[in-house]
């Protein structure tokens, strides 16, 4: 009980909620919602690409089930839900969403008319050839690595991007 304050300070509930919510909202915007200026990627996109690179799921290798990629990302780097991770993967495979696709998808990855992608158990993917330029020299200490959410893995803070 020695760790708690001995006195109580009066605080306006309205003011505390405003301050706390604003702090949280800003941390989400800065940490997850805005792309990093160094590589142009949000954390979930970077984690998908890095997980695929780590498992050698590259452009000149056979396709791998998207469910496998999503599982790797969730287990090692991004414990925020499979839908968010799969939607990020799908977007990087859609030629109508990105000028240059970073993922080569096989199967139904949605349409420009708003049709959704098939479930990840039905689709396959691998890194597109251009994505190798984003990951080139990552093993040569060109970027800093940080601990993942549980401290058991290391992930790049940004991709080297040529």
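Just so it is clear, none of the values below were taken in a lab; they were calculated from the coordinates. The shown structure was predicted, so the numbers you read here are calculated from the model rather than taken from an experiment. Ideal geometry is used to build each Cβ from the backbone, glycine not excepted, and the neighbour counts take in all protein chains shown.
Please specify each residue of segment 75-90 satisfying the condition of being out of contact with any helix residue (DSSP H, G or I) (no Cβ under 6 Å at 6 or more places or on another chain) and without any contact (Cβ under 8 Å) to a residue 40 or more places away in the chain. If the condition is that a residue be out of contact with any helix residue (DSSP H, G or I) (no Cβ under 6 Å at 6 or more places or on another chain) and without any contact (Cβ under 8 Å) to a residue 40 or more places away in the chain, then 75, 80, 81, 83, 87, 90 are the ones that fit.
Within segment 130-152, the set of residues being exposed (fewer than 14 other Cβ atoms within 10 Å of the Cβ) and in contact with a strand residue (DSSP E or B) (Cβ under 8 Å, 6 or more places away or on another chain) comprises 144, 145, 146, 147.
Of all residues in segment 1-52, those satisfying the criterion of being on the phi < 0 side of the Ramachandran plot and touching a residue at least 60 places away in the same chain (Cβ under 8 Å) are 36, 38, 39, 41, 46, 47, 49, 50, 52. Restricting segment 103-117 to residues that are touching a helix residue (DSSP H, G or I) at 6+ places or on another chain (Cβ under 6 Å) and not in a loop (DSSP other than H, G, I, E, B) leaves a set whose member that is nearest to residue 53 (Cα to Cα) is 103. A single entry from 120, 100 fulfils the requirement of being part of a loop (DSSP other than H, G, I, E, B) and surrounded by fewer than 19 Cβ atoms within 10 Å (Cβ to Cβ): 100.
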